[in-house]
Ligand code: CP
């Protein structure tokens, strides 16, 4: 692997290798992540052109656990606010001997543009990790979601996984669907209002439900998504109350799933909009373990890209 830009098209053995490598970084107890010298002397630049809590922080922790030097560019205080273009910024950071760029951007495709540009300027050895681009992809979130499912369910071959909410604007949903398909999950369901379901889901092998009570019946895994208002036009925007009434995950609705079903959410979570607090904080929720697993998964991705 030179870059991680999307999960789409990644072979199953590569996805499994990333998950296995992540496991090797986790010590007994699932919380301790070993510090290893695999990226000593390498410089990782975190370039977050869009806000983040979990992804940016866990990439920073992961870089430090790999013994890399990590530089968090403060975009609002950088010269992009003086009109410097994205690619000029990249040229300058590459001149500082960057080894890896971790990129989040509101525009779908921005990490691809950077990867191509690095090649064009004779810096093809610099790696790019997509940390979320527009509504397109969020591959490390997809991978940490797969790690979480494997941790709790052991095997992908008998699972029914439901993704619920604003799937249209969700890069997480897209990455999860590709990863679940690659790993052989037999039933993937998308649940949401017609206006928030993209076309083409059925062609990807996904069963579509507009009735959440039907869609949740017998599922093993529920992945809740927030309304991504920042990517919607006002006309499509449902009110928080309307959405919760029709699609919010409540204790009553969770009871339609299998008794051992797990509840996931990539965050940020909006309580009372897509999920009830009693469910978010309940015994079936694995939302915070997802965040913890994200450290080991990001360590795995970076160390594999760096050639380990
Ligand atoms: N899941 C996720 O990408 O969260 P952040 O936006 O906080 O990074």
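Annotations
- Pair list, Cβ under 7 Å, 6 or more apart: region 38-58 residue closer than 14 Å to residue 130 by Cβ and in contact (Cβ under 8 Å) with a residue 40 or more places away in the chain, other residue within 11 Å of the ligand (Cβ to nearest atom) and assigned to a loop (DSSP other than H, G, I, E, B): none
- Picking from residues in region 90-107 that are under 26 Å from residue 228 (Cβ atoms) and touching a residue at least 40 places away in the same chain (Cβ under 8 Å), the one that is nearest to the ligand (Cβ to nearest atom) is 104.
- Selection status of residue 148, touching a helix residue (DSSP H, G or I) at 6+ places or on another chain (Cβ under 8 Å), more than 16 Å from the ligand (Cβ to nearest atom) and either assigned by TED's automatic domain parsing to the domain that holds residue 176 or without any contact (Cβ under 8 Å) to a residue 60 or more places away in the chain (or both): no
- In region 118-126, the count of residues that are within 16 Å of the ligand (Cβ to nearest atom) and either in a strand (DSSP E or B) or on the phi > 0 side of the Ramachandran plot (or both) is zero.
- Unmet requirement for residue 180, which otherwise passes all of (1) outside the structural domain of residue 225 (by TED's automatic domain parsing); (2) in contact with a helix residue (DSSP H, G or I) (Cβ under 9 Å, 6 or more places away or on another chain); (3) not in a loop (DSSP other than H, G, I, E, B): (1)
- Flag for residue 230 being in the same structural domain as residue 169 (by TED's automatic domain parsing), under 15 Å from residue 192 (Cα atoms), modelled with pLDDT under 95 and in a helix (DSSP H, G or I): no
- All positions within region 1-17 that are at pLDDT 95 or above, part of a loop (DSSP other than H, G, I, E, B) and touching a strand residue (DSSP E or B) at 6+ places or on another chain (Cβ under 9 Å): 2, 3, 5, 6, 7, 8, 10
- Scanning region 47-78 for residues that are surrounded by 13 or more Cβ atoms within 10 Å (Cβ to Cβ), away from the ligand (no atom under 16 Å from the Cβ) and farther than 30 Å from residue 26 by Cβ gives a single hit, 78.
- Pairs, first over 24 Å from residue 51 (Cα atoms) in region 258-277, second within 13 Å of the ligand (Cβ to nearest atom), C-beta under 9 Å, six or more apart: 262/148; 263/223; 263/224; 263/287
The values are calculated or read from the model by the stated rules, or taken from the named source; none is laboratory data. The structure presented is a predicted model; accordingly, all values stated were derived computationally and were not measured. Glycine also receives a Cβ, built like all others from the backbone with ideal geometry; neighbour counts cover every protein chain displayed.
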